[in-house]
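Structure first, commentary second.
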Amino acid sequence: MTTNANGRLNMQRMQNLLLIWLDAKSNDNNTDCHDTIKQLKGVVNNVNTFTDGGQCADFIQTISNNKVCMVVSGSLGQDIVPRVHDMFQVDTILVFCNNQEWHRQWAKKWPKIKGVFTNMTLMCEALKQAAQQCEQNAISISFVASNKNLKQLDPSFMYTHILKEILLTINFDVKYINEFITYCREVFSDDENELKNVNQLLTTYKNNVPIWWYTWDAFLYQNFTNAWQKYIEESHVAHASYSMTILDAQTGSILFQHAKDIGLPPASSLKTITAAAALHYLGPNYTYETLLQYSGTIHPETGFLDGYIYIVGSGDPSLGSWRYDKMTTADLIIKKWVDAIKKAGIKKCQGIIGDTSQWNNTQTLLIDGWTWNDIGHSYGTGHSALNWRENEFTIAVQPGPTINSPAHLGEIKNPPPRLQIRNELITSTSDGEASLYFSFDGSNIGYLRGFVSINASADFSLHCAVPNSALYVADELTKALRINKIEIEQEATVDLIKADRVILLDIHQSPPLSKLLQPFLRNSINMYGEVFIKTIAHKTQQSSLLDAPVKILPLYIKTLLNNEKFLNGMTLMDGSGLSRSNRLSTYTLTQILFQIQKEAWFNDVYYEAFPIINGLRMKSGTLMNTIAYAGYVRENSFVFSFMINNYYGENPSDMRTKIWSVLDTLK
């Protein structure tokens, strides 16, 4: 498949078949020659003419993605057929001549010759049948019932392939139809037969339902089929498991499916379900509250607080984040808290405590199934009832002077408290994996291991996970108070409130859930997903916090789809898709996306939160040798999900581009 300079699909390449006309007079500039080409283009729009057999054979050998149908003259046929007959590109050969009986004698020795003709009309009819058969052969499998006429295409064929019952209710705006007509006229400017089809579409479009036009030879059915066939024939997917499901967004009918029920890792496309579950259980206006409180008594003369200041979290993933307005940033929140403490008259206190009591857990939570390598990266950071700066910090890194020499650490921005970092990074010839590995033996040691390219940019840095987010924010407030001349006797710690009475100093409110979903889906922040799942569990009491990752989403799916069969073959271990143990079918995911369209929050909140990737509203997902996409094509009324696992020998960027070539045909 190719595109022109404007990025539009080259429609002349959408047929699987190329037609070659080999005749010594095929390039003659006369009426007979023009009429012949016109009739041939009426069957196959891509016609290539040759007068020399050698050039023709050389051209055929350059073809890789199409089948060839040849129309050869009797005079050249005896020479060219033995040379090209066994080429894999050649599908059908037709002989056009003046002496039918004589040429039939030699032609019968070659199986790919499907007829010898003296009448152009009869030959074009045979050519049409050959072209249709070639297009059908390009589809992987067609099941035909035993009691059916094998010369006819079984009606169930449409129900095993692309976009069945498509476009039943779409009503395109006139401007889109006119734009398409203009493009078609440009593409087929030299093809009188196709221009007639274009004019027919313009003048009679409203006379037929969209499905009638859709199944017309020139339309999308063939485009998607060819793109899909080309993709699955890639050597890089030969040993992969892949699945795709496309639904009609208005009826829910299956328009296309391949291995729709196989369970595959959805990667971050799972976030589409987590986002919907959060909206369902919490609502788009839900906000998190973080409380600043103190226990004890403030002595009026000295300003000494004979108790502690508590930062009480409720799970807010945006606390201290830079992604929203200034009121969520760490600097402004710390300043607000310092000002509130000063206003209360506190000049000295025993200490600052990060309180995670709302989740009844003082530890940063990690997810079973995430790899040891993941949890040191910012994308694999833990979470708790009290998160801060999205629980990540950065370490500037520069390569050493030579290959295999130690890499050097630069500035550590917003370092977590008490963490000792041991640098074991090595300079390498190319980019490699580098990560922070934590020691959970209580020693507060993190090991930087892996490789840094000798060509790394001057601003190269590693985004690392914070081991204890509640301690992270308590420590930062402690330091800020000391800078502001407020004495803190003890170092920051994490604990639960033990005082009988506490006094409120400040309430910080997060942006609404509708806003939090935007970076969750667009920037694919895994920590947000895990917080949403825990919040649902805490608010609904449908599971414990520890069981939440494996219980909340299945319960939501069962409720939404009202059918337990969709849980068969499903394994969900988290809310973000990072776990390699997750298994989900494309059919279940598309069913969820279809049903969600009925929710009041779908248009303005859910759909708008989706990223736009390659011109489509879809959520992507990537793990090692795994890529997934799920989303909507509103213009053509599609809901789709695609997953591939275990592709081989291709870098992710190139594989994504090849997947996009399939999804492009849905636009």
Where in the range 428-512 are there trypsin sites (Lys or Arg not before Pro) that are in a DSSP coil and have at most 14 other Cβ atoms within 10 angstrom of their Cβ? K485, K498, R501
In terms of the alpha carbon gyration tensor, root eigenvalues a ≥ b ≥ c, rounded if a/c is under 1.5 and otherwise prolate when a/b exceeds b/c or oblate, the range 435-558 is oblate
Take I507 and H34, extend 7 Å from each Cα along the Cα→Cβ direction, and tell me the distance between the two endpoints in nm. 8.3 nm
So how much slack lies between S544 and V174, counting 0.36 nm per residue of separation and subtracting their Cα-Cα distance, in nm? 127.8 nm
Checked against a 20 Å limit on the C-alpha separation, the offending pairs among K335/K485; K67/K230; K336/K485; K348/K479; K67/K667 are K67/K667
Restricting to DSSP loop positions (anything but H, G, I, E, B) with no more than 13 other Cβ atoms inside 10 Å of their own Cβ, which chymotrypsin sites (Phe, Trp or Tyr not before Pro) remain in the range 363-462? W372, F440
Going highest first, how would you order 603-612, 306-315, 62-71 by mean Cβ packing within 10 Å? 306-315, 62-71, 603-612
Give the peptides 592-599, 401-408 in descending order of average Cβ contacts within 10 Å, highest first. 592-599, 401-408
I need the calculated FRET efficiency for the pair K479 and Y437, taking r as the beta carbon distance and R₀ as 41 Å, to the nearest 0.05. 0.95
For D506, D91, which order do you get if you count the other beta carbons within 10 Å of each Cβ and list the fewest first? D506, D91
Evaluate E = 1/(1 + (r/R0)^6) for K128 and D52, where r is the Cβ-Cβ distance and R0 equals 22 Å; express this FRET efficiency to the nearest 0.05. 0.20
Extension gain (nm, one decimal) between N414 and N646, 0.36 nm per residue minus Cα-Cα: 79.7 nm
Return the percentage of antiparallel bridges among DSSP beta bridges fully within the range 287-511, rounded to the nearest 5 %. 60 percent
At R0 = 56 Å, how high is the FRET efficiency between T429 and N27 if r is their beta carbon distance? Nearest 0.05 is fine. 0.55
Are there any GluC sites (Glu not before Pro) in the range 401-475 that are in a DSSP loop and have at most 11 other Cβ atoms within 10 Å? List them by number. E433
Would you mind putting 106-117, 283-294 in packing order, based on average other-beta-carbon counts within 10 Å, highest first? 283-294, 106-117
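Laboratory data are not the source of any read-out in this text; all were calculated from the coordinates shown. Here the structure is a predicted model, which is why all the values come from computation and not from measurement. Neighbour counts run over all protein chains shown; Cβ positions are idealised from the backbone, glycine included.
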